Amino acid sequence: MDPPHRSDRAPRGALTACGIAFDPKRSAVLSMDLQTGVVSVYVKDEAFIPRVAAVLDRARRAGLLVVHVKVGFRPNVPEASPRNVFLSAVKASDWHQRFFQGDSGAIHPAIAPAGDDLVVTKTRVSAFASTDLDLLLRAHDVETLIVFGVATSGVVLSRGQISIFAFW
């Protein structure tokens, strides 16, 4: 894969963010873990959700693929191995299971999926492990990811090999 282009040498039709040019037709915005319950617990800045809504609106208008990634489990969390401390805690707690269900587990209504947005449900920290996210990104020829959300450092670090991040 070619390295990203600096904005002073941006290809025709490219968008730029942080001085990096990228092709909107081959780029995706990943909105990570922005579920109502997660936002209510971890987001203290009242301007956060309106900023996210503006980014998603701008991405859609620019023709980027928008993917919402959320955490979710089957009833009684059969995805949990006793060796997985986090999932074992979720499995052992009715409250934690309910936290990822219903309105609490839905994408925050102010930034809910729209139009052709995709939704991926993950059962691990990584959005790529045990999901079809990789398949969806490949099917859309995505080569640039713009990632944001709650606890994204864990999500990003768990991915391993992402070529470029552009934030705007």
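The values are calculated or read from the model by the stated rules, or taken from the named source; none is laboratory data. Predicted, not measured: the structure shown is a model, and the values here were computed from it. FYI the Cβ positions are ideal-geometry reconstructions off the backbone, even for glycines, and counts take in every protein chain you see. We work out accessible area using only protein heavy atoms, side chains counted, and drop any ligands, DNA or RNA first. Shrake-Rupley method; radii C 1.70, N 1.55, O 1.52, S 1.80 Å.
Listed values, structure above:
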quantity	calculated
Any hit, the range 118-140, residues being touching a residue at least 60 places away in the same chain (Cβ under 8 Å), within 16 Å of Val52 (Cβ to Cβ) and open to solvent by 50 Å² or more (accessible area, probe 1.4 Å)	no
Pair list, Cβ under 9 Å, 6 or more apart: the range 94-116 residue under 23 Å from Val55 (Cβ atoms), other residue assigned to a strand (DSSP E or B) and open to solvent by 60 Å² or more (accessible area, probe 1.4 Å)	Ile107/Val119; Pro113/Val119
Search result, residues across the range 57-71 that are out of contact with any helix residue (DSSP H, G or I) (no Cβ under 6 Å at 6 or more places or on another chain) and either surrounded by 13 or more Cβ atoms within 10 Å (Cβ to Cβ) or aromatic (Phe, Trp, Tyr) (or both)	Asp57, Arg58, Ala59, Arg60, Leu65, Val67, His68, Val69, Lys70, Val71
Scan of the range 91-102 for residues that are under 21 Å from Met32 (Cα atoms), in a helix (DSSP H, G or I) and in contact with a helix residue (DSSP H, G or I) (Cβ under 8 Å, 6 or more places away or on another chain), ordered by number	His96, Gln97, Arg98, Phe99
Some residue of the range 102-114 being of a type outside the set (Asp, Glu), open to solvent by 80 Å² or more (accessible area, probe 1.4 Å) and out of contact with any Ser or Thr (no Cβ under 8 Å at 6 or more places or on another chain)	no
The range 90-101, residues that are more than 20 Å from the chain's Cα centre (by Cα) and open to solvent by less than 50 Å² (accessible area, probe 1.4 Å)	Val90, Ser93, Gln97
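Residue-by-condition table, conditions (1) in a loop (DSSP other than H, G, I, E, B); (2) in contact with a strand residue (DSSP E or B) (Cβ under 9 Å, 6 or more places away or on another chain); (3) at pLDDT 95 or above; (4) at positive phi:
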| site | (1), (2), (3), (4) |
| --- | --- |
| Glu46 | yes, no, no, no |
| Leu56 | no, yes, yes, no |
| Arg74 | yes, no, no, no |
| Pro82 | yes, no, no, no |
| Ala89 | no, no, no, no |
